[in-house]
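**Student:** Shown below is the structure under consideration.
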Amino acid sequence: MNEAESQEIAETPAGADNGQISPLSIQAAALVRSIESLSSVFWIGFGGTFLSMLFAGLSQLEANAATDYIYLGEYQVPKSILPLISVGFAGFTFWLTGNRMNMLSEALRRSHLPGTTVHEIFRLNPPVLNIFDADNAVPWKPTTGINVFIINWSIFFGNSLALTWSSALQQGASFGNFDVALLVLYLALTVLVLTYASRATGPPLARIHRTLHGQSLRVGWPRYLIAGGIVATVFIINHWNQVRAPMEQSDNLIGPAIGNAIDGETLLLRGVEVQLFGMDAVEVNQVCQDAEGADYPCGRRATYALQTLLRQGAVVCFPLFAVNENRVVAVCELAEDGRGMPSSPIDFMREGRKRNLSRLMIAQGHALSIGIGSEYFGSDQNEAQRQGIGIWQGSFQPPSAWRRR
């Protein structure tokens, strides 16, 4: 800006309409709009983190922990889609953040405003996080905008990974029978989004910082360590029950011991309530219809059937995760003399092990295979349905639908 232009601006009264708009005013307005739009994106990121915390917490409630769904009133949200939603939300938000940062960087590059004016605009209209302040170059200062940005997204991804693990670990996600391959895919997508985030937001952030303060800005390894620690801490908090699951033996097994049936899918074993994995039995008070359409107490029959199986001998279980301090979800089978104990959950469910309690309850027509259980016990269910035994002799509501009622 030359001396004549400066004098003209100075001599123009505030609010006067001379029929012209100063180019400098347009540039100042562009900076303000760019900063405000970036602030809006940051608020979206905060909102996503709060939602991730909400759903991660809901997934660990006792009513939701051992199912494929999160119940919200009369609605069911499949756990399996939550990781995909999280990754998609993060990718979109990082794209939007990078876009707005590039817009702000370009506005600064094209601006002919004096440096003091630019700094005054940032002082009067700061982004939500003050992410462009000079002290952001100090990696150990916890209250800088960049640190808050990193902490926010670390909490988000900690919850996202917890939701991913919940979908894979619990009864087995309904979406494509969540398996190892799908788990690896979601984790790979998470890494891809994080890589994209660093490339989309890092360069424009560094350019803006260099324009404003004339110094380079790097995230630095201290911030990476803090981010990794927060992600791990949030993940562990979400799965604390699973970390301290009651496994009383060095081989991680409970039993062999005598069990007692609580309902068609739960037994009491050495003071621990054990819910059978991969199946969903009819509820204790559930009523079904036989071949003639008459009501009969299918839920009580399922409880009696499980108790009858337990009378055959000792039971051994491999806990998968804890619902609370006294209740776990596990794979269990009737112990057999002379046969080695399974060493993993997969060993419990293999076709060769016909004494698996989930398999037996499904084969007798007292339960449905669900999630990952469909992969291992689906043929047993099909055979029970073909023979019309148990609940397949007439009509019934799936236990999940009966519980919603």
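**Student:** Tell me the relative contact order for segment 254-404 as a rounded percent, counting alpha carbon contacts under 8 Å between residues six or more apart. Walk me through the numbers on the way to the answer.
**Tutor:** Working: 306 pairs, mean separation 40.4, N = 151.
The normalised contact order for segment 254-404 reaches 27 percent.
**Student:** Looking at the square roots a ≥ b ≥ c of the eigenvalues of the Cα gyration tensor of segment 21-243, which shape do they give, rounded for a/c under 1.5, prolate if a/b is larger than b/c, or oblate?
**Tutor:** Prolate, because a/c is 1.5 or more and a/b exceeds b/c.
**Student:** Still on this structure: Using the Cβ atoms and a cut-off under 14 Å, what net charge is assigned to the surroundings of Leu306, where Lys and Arg are +1 and Asp and Glu are -1?
**Tutor:** Within the 14 Å Cβ shell, the charges total -1.
**Student:** Does segment 254-404 classify as rounded, prolate or oblate by the C-alpha gyration tensor (a ≥ b ≥ c root eigenvalues; a/c under 1.5 gives rounded; else a/b over b/c gives prolate, otherwise oblate)?
**Tutor:** Since a/c reaches 1.5 and a/b is larger than b/c, the shape of segment 254-404 is classed as prolate.
**Student:** Here's another thing I want to ask about it. Please work out the FRET efficiency for the pair Arg123 and Ile81, using the Cβ-Cβ distance as r and a Förster radius of 41 Å; give the result to the nearest 0.05.
**Tutor:** Numbers: r = 44 Å, r/R0 = 1.06.
Between Arg123 and Ile81 the formula returns 0.40.
**Student:** Measuring from a point 7 Å past the Cα of Arg110 along Cα-to-C-beta, which residues in segment 207-232 have an amide N at less than 17 Å?
**Tutor:** Answer for segment 207-232: 208.
All of the numbers you see were taken from the coordinates with simple rules; none came from a lab. Please read all numbers here as calculations on a predicted model, not as lab measurements. Every residue, glycine as well, gets a Cβ built from its backbone with ideal geometry; the counts of neighbours run over all protein chains shown.
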